[in-house]
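Participant: Here it is, the structure, as structure tokens.
The values are calculated or read from the model by the stated rules, or taken from the named source; none is laboratory data. Please read all numbers here as calculations on a predicted model, not as lab measurements. Positions of Cβ are backbone-derived with ideal geometry, glycine not excepted, and every protein chain shown enters the neighbour counts.
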Amino acid sequence: MEKILDFLVKISKLKKMPRTGFKLLGVKKPETIAQHSFRVAMLNWLLAKGRKPNLARVIKISLVHDLCEVYAGDMTPYWGLLPKDAKKRRAMLTHYIHLPKDVKEERDTIKFEKERRALEKLTAGLEPDAKKEINTLWLEYERNKSRDGRFVKQGDKVETLFQALEYWGDKPGSPVIGWWEEIENTVDDPILEGFLVDMAKYFYGYEKPSAAVAFLLRIGELKKMPRKGWVIRGVKDPETIIEHAFLCAMATWLLGRRRRLNHEKILKMALAYEICEIYAGDATPYDRLLKKGAGKAVLNRWPRFLKREKERMFLEDYRREKKAILKLTGGLDGGLKRELLGLWDECKRQTTFEGTFVNQVYWLTTYLQALEYYKRDKKFPIFAWYEQMRQYIYDPALIEFLRLEEKRFLPKKLPDTF
């Protein structure tokens, strides 16, 4: 488990790594690699249902496809070629780069080897079977070695274009044309082609968004939505809902590998659990106390509520969030809508082994982030989280993981407050 913790700490860096292409084009605070990876997973899950793939594999490939960038960085097709002059650089970035075949192949080989070595370095500490799985899935994506790998690779391009259109739309001189040109040379999956037509109709003002386009637009708003628990504690540049969901999905996968659980189901649960917050908001147990005039000192301890009050608060949150997820999924086809609602409900109410497991992993990854903030700033009220986890985590193996987190981040000699 310590090896998994080391791995999760390393990939947490993707939460704050901006995507190079958007940064070069002057987007202020562009999406991060973690945010992109999350929506790639959601897009591929949403669209792949129509082609009967191995959905667990599709989601896993989506999650791992950019992991190498922890060490390799985000290399665009323009690496090493961009001029220093800002105008000339933007002009080059506006169009897809066309190179002689031999030059392109040489550059692709250099990039591939750099990323392969980076991924091997990243996964070196994992158990051999976990390391092999991640590296194999990445190769399927990178080398188009499987049907699922090809689908994810094309879906990755589609999500990037989707984000570019959200940034620039069809404005004159928009750099979006470069992504369209790349798409025209890479995407040939019929389902993704159909989705691209829907995207064009919406972003270029022909029609209202299709159900899939509307759903992914709303999901994208979570890229900009910071987690409230960090905001009320004054954390600078706090993680967003989607960044946390990405790490939660990776932790769910790795911590659940040896368990007798439905692995496709737990991956979907981890992705879907927080999407309701686009309409429901990100509530915390402190909200009621702060509204009643409690000072910031209340954040230093985990609030205590009687059993009846806890039940009432849970029911209020449950109803609000259920209403939100019904609104979010309203336009989707009935089967997918029921699936998303069912997965969220099982996890929220912990009515199945899978739901209980993912719910606790959700809190473990939240605690991991809290501990990282504490490491950065010893004034961060970590004792409140320490108390909370003793109530929320009760699975024996996950308690062991919790103790490893504390051993890594908390001082050996704890303050008196502990």
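Participant: Please verify whether segment 273-295 includes one or more residues that are part of a helix (DSSP H, G or I), out of contact with any Lys or Arg (no Cβ under 6 Å at 6 or more places or on another chain), closer than 30 Å to L55 by Cα and modelled with pLDDT of 95 or more.
Facilitator: Our first condition is that a residue be part of a helix (DSSP H, G or I); within segment 273-295, this holds for 277-280, 287-291.
Narrowing further to those that are out of contact with any Lys or Arg (no Cβ under 6 Å at 6 or more places or on another chain): 277, 287-291.
Now drop any that are not closer than 30 Å to L55 by Cα, which leaves 277.
Filter once more, keeping what is modelled with pLDDT of 95 or more: 277.
Yes; the residues of segment 273-295 include at least one that is part of a helix (DSSP H, G or I), out of contact with any Lys or Arg (no Cβ under 6 Å at 6 or more places or on another chain), closer than 30 Å to L55 by Cα and modelled with pLDDT of 95 or more.
Participant: I would also like to ask the following. If I ask for residues that are in contact with a helix residue (DSSP H, G or I) (Cβ under 7 Å, 6 or more places away or on another chain), small (G, A, S) and not in a helix (DSSP H, G or I), which ones from segment 182-225 would you list?
Facilitator: Once the filter is applied, which keeps residues that are in contact with a helix residue (DSSP H, G or I) (Cβ under 7 Å, 6 or more places away or on another chain), small (G, A, S) and not in a helix (DSSP H, G or I), segment 182-225 yields only S210.
Participant: If you don't mind, another one. Taking only segment 136-170 into account, find how many residues are more than 19 Å from the chain's Cα centre (by Cα), polar (S, T, N, Q) and assigned to a helix (DSSP H, G or I).
Facilitator: Looking only at that region, the number is 1.
Participant: When you scan segment 171-181, do you find a residue that is surrounded by fewer than 17 Cβ atoms within 10 Å (Cβ to Cβ), in contact with a Ser or Thr (Cβ under 8 Å, 6 or more places away or on another chain) and in a helix (DSSP H, G or I), even just one?
Facilitator: Yes, segment 171-181 contains at least one residue that is surrounded by fewer than 17 Cβ atoms within 10 Å (Cβ to Cβ), in contact with a Ser or Thr (Cβ under 8 Å, 6 or more places away or on another chain) and in a helix (DSSP H, G or I).
Participant: Can you confirm whether segment 230-245 contains a residue that is hydroxyl-bearing (S, T, Y), under 19 Å from the mean Cα position of the chain (by Cα) and not assigned by TED's automatic domain parsing to the domain that holds L126? If you could, list the steps in order and put the result at the bottom.
Facilitator: Looking only at segment 230-245, we keep the residues that are hydroxyl-bearing (S, T, Y), and these are 240.
Okay, now just the ones that are also under 19 Å from the mean Cα position of the chain (by Cα), so 240.
Now restrict to residues that are not assigned by TED's automatic domain parsing to the domain that holds L126: 240.
So far as segment 230-245 goes, yes, one or more of its residues are hydroxyl-bearing (S, T, Y), under 19 Å from the mean Cα position of the chain (by Cα) and not assigned by TED's automatic domain parsing to the domain that holds L126.
Participant: Would you mind telling me which numbered condition in (1) closer than 30 Å to R57 by Cβ; (2) in contact (Cβ under 8 Å) with a residue 60 or more places away in the chain; (3) not hydroxyl-bearing (S, T, Y) W302 fails?
Facilitator: Condition (1) is where W302 drops out.
Participant: Only one of I33, I59 is modelled with pLDDT of 95 or more, crowded, with 17+ Cβ neighbours inside 10 Å, under 16 Å from A164 (Cβ atoms) and not small (G, A, S). Can you tell me which?
Facilitator: I33
Participant: Okay, next question. Return yes or no: is D317 in contact (Cβ under 8 Å) with a residue 24 or more places away in the chain and closer than 18 Å to L289 by Cβ? I'd like the intermediate steps shown before the answer.
Facilitator: Working: in contact (Cβ under 8 Å) with a residue 24 or more places away in the chain: yes; closer than 18 Å to L289 by Cβ: yes.
Considered against the rule, which asks whether it is in contact (Cβ under 8 Å) with a residue 24 or more places away in the chain and closer than 18 Å to L289 by Cβ, D317 comes out as yes.
Participant: Out of everything in segment 246-261 that is in a helix (DSSP H, G or I), over 11 Å from the mean Cα position of the chain (by Cα) and hydrophobic (A, V, I, L, M, F, W, C), what residue ends up being surrounded by the fewest Cβ atoms within 10 Å (Cβ to Cβ)?
Facilitator: L254
Participant: Where in segment 300-418 are there helices (runs of 4 or more DSSP H), lying fully within it, with 3 or more residues that are under 23 Å from the mean Cα position of the chain (by Cα) and buried (at least 19 other Cβ atoms within 10 Å of the Cβ)? Full working, then the answer.
Facilitator: On the way: elements: 307-328, 334-349, 353-376, 382-392, 396-409.
Fully inside segment 300-418 and qualifying: 307-328, 334-349, 353-376, 396-409.
Participant: For segment 226-258, which positions are small (G, A, S) and on the phi > 0 side of the Ramachandran plot? Before you say what the answer is, go through the steps one by one.
Facilitator: Here is the first cut: in segment 226-258, the residues small (G, A, S) are 229, 234, 245, 249, 251, 256.
Across segment 226-258, the qualifying residue is only G234.
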